[in-house]
Amino acid sequence: MEQYPDSYYVASLNKDKESFPSLNDELSCDLCVIGGGFTGLSTAIEAAKKGLNVILLEQNLIGWGASGRNGGQIWPDVAWGIDIIEKNYGINFAKQIWDISLDSVNLIDQRIEEFNIDCDKKNGGIIAATSESKMKEYEKESKYKFKTYGYDKLDILDKAEVKGEIGSSLYYGGVLDYGAGHLHPLKYAIGLMHAAHNLGVKMYENSSVRKINEAKSNVEVLLSSGKVNAKNIAICCNAYLEELNMNFKNRVMPCETYIVCTEHLNSSHQEQVLPNDYCVSDTNFDLNYYRLSASKRMIFGGAVGYSLKNVEGLKKRTKRQLDKIFPQLSHLKIDYIWGGLIALTMNRVPDIGMESEKIFYAQGFSGHGVALTGLAGKILAEGIANGKTAELELFEKIKHRKFPGGRLFRMPLLVTISAMQRMTDIFNV
């Protein structure tokens, strides 16, 4: 079992996380959830609410993966963009996906209130334009979202306004989304863990699944020293699917991203940098995303890599980006750096569906997982309890292609694509 990374999130926990035993027995249940991140916890919570007997298995610690180490940003929409979905699937289909994304954002607030989760939640986020052409694009898109989707939570910011809100003169303008926000992801994951446990979900950590066998009456989930016989299973592993014998795992590509956290900003800088506590994401392909922690440290992400072996190199690379945006913070030292895997789909839309009548899955949130994972779990639980739902059928209509080759080929492919896109970012194409 691997421990949590040495991150700001772990260091800022209010208390030590409750631990759960590993599974060393043979058990039976209505639903076995594989994966203890946002998706798995959400599925377990919703299934338990429906009266199902639920077992959740996590190969490391609850919230160990992307759910406990991401940037903490909450956005409506999917990574592909609702406009692209509309072009490919039509306006009625796109409106349903858009509504699901809004429900995903609202679900976070509902669960924070319902389960009394203290996770430093703040409202509001800015999409910052790195070129004049990007600014025109986002201005047009914002007006279209209001006209077509009735989304009235967007304010267009000019260059001076975005400088005042962010504290950086780098950007050409931006869009302030009052429906966006940010939180402490590990605190939120642990809050969901407590909620699931209080609802009667049996949780096991250090319980890695080795094989899944589907039989006529149930599904066998085999571990190195235990076994679960389940009527249904939900596979919620996202980027950590390598050991499982499932066909759908080739439809996602694991990608490592990195985050740094600085020392505390002084009071003067706190007045200038993100004074209204919004999170920010810019428009580069390898986007920069950042926000302030509750303790007023800068949490800054965006570097894409494939190993934490060169930690000092990653620190320098990310620090260069941070200093470019905030030269006034260049004196700050980096106190933490950590990374982890996210899962990308080819079209950047979550892949949610059924492998068979008994095997459900959700994966590939492509950087939009803080919100969408919650509703994905709700969709899975509803399908497991009551049969295939309209929401599940909606996501099954989205075509997901497999990435070419195995994982060894996929990584160099991503490097090549990323390098080409960085060139367009540099020249503002």
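The values are calculated or read from the model by the stated rules, or taken from the named source; none is laboratory data. Because the structure is predicted, anything quoted here is derived from the model rather than measured. Cβ sites come from the backbone with ideal geometry, for glycine too, and all protein chains shown count toward neighbours.
For SER168, state whether it is in a loop (DSSP other than H, G, I, E, B), surrounded by 17 or more Cβ atoms within 10 Å (Cβ to Cβ) and either at positive phi or not acidic (Asp, Glu) (or both). Spelling it out, SER168 is indeed in a loop (DSSP other than H, G, I, E, B), surrounded by 17 or more Cβ atoms within 10 Å (Cβ to Cβ) and either at positive phi or not acidic (Asp, Glu) (or both). Looking across the range 107-157, the residues that are among the basic types (Lys, Arg), in a helix (DSSP H, G or I) and either without any contact (Cβ under 8 Å) to a residue 60 or more places away in the chain or closer than 23 Å to GLU86 by Cα (or both) come down to LYS134, LYS136, LYS140, LYS143, LYS145, LYS147. When every residue of the range 167-175 is checked against the conditions, none turns out to be out of contact with any Ser or Thr (no Cβ under 8 Å at 6 or more places or on another chain) and more than 24 Å from GLU271 (Cβ to Cβ). Out of LYS147, LYS122, LYS163, one residue alone is in contact with a Cys (Cβ under 9 Å, 6 or more places away or on another chain) and of a type in the set (Lys, Arg). It is LYS122. Would you confirm, using the coordinates I've provided, whether GLU161 is modelled with pLDDT of 95 or more, buried (at least 18 other Cβ atoms within 10 Å of the Cβ) and closer than 28 Å to GLU271 by Cβ? No, not satisfied.
Candidates GLY63, GLY40, GLY51: the one that is part of a loop (DSSP other than H, G, I, E, B), of a type outside the set (Asp, Glu) and within 22 Å of the chain's Cα centre (by Cα) is GLY63. Taking into account only those residues within the range 327-386 that are β-branched (Val, Ile, Thr) and either touching a His at 6+ places or on another chain (Cβ under 8 Å) or crowded, with 23+ Cβ neighbours inside 10 Å (or both), which is nearest to ALA239 (Cα to Cα)? The qualifying residue nearest to ALA239 (Cα to Cα) is ILE342. Of the residues LEU183, LEU107, LEU223, LEU199, the single one that is surrounded by 15 or more Cβ atoms within 10 Å (Cβ to Cβ) and within 30 Å of SER268 (Cα to Cα) is LEU183.
The residue that is farthest from ASN250 (Cα to Cα), counting only those in the range 383-418 that are at pLDDT below 90 and in contact with a Lys or Arg (Cβ under 6 Å, 6 or more places away or on another chain), is HIS400.
Do we find that THR262 is within 30 Å of ILE166 (Cα to Cα), part of a strand (DSSP E or B) and modelled with pLDDT of 95 or more in this structure? When the stated conditions are applied, THR262 passes them.
Beta carbons closer than 6 Å, at least 6 apart along the sequence or on distinct chains, pair a first residue in the range 371-383 that is more than 15 Å from ASP77 (Cβ to Cβ) with a second that is surrounded by fewer than 24 Cβ atoms within 10 Å (Cβ to Cβ) and polar (S, T, N, Q) for GLU382/THR389; GLY383/THR389.
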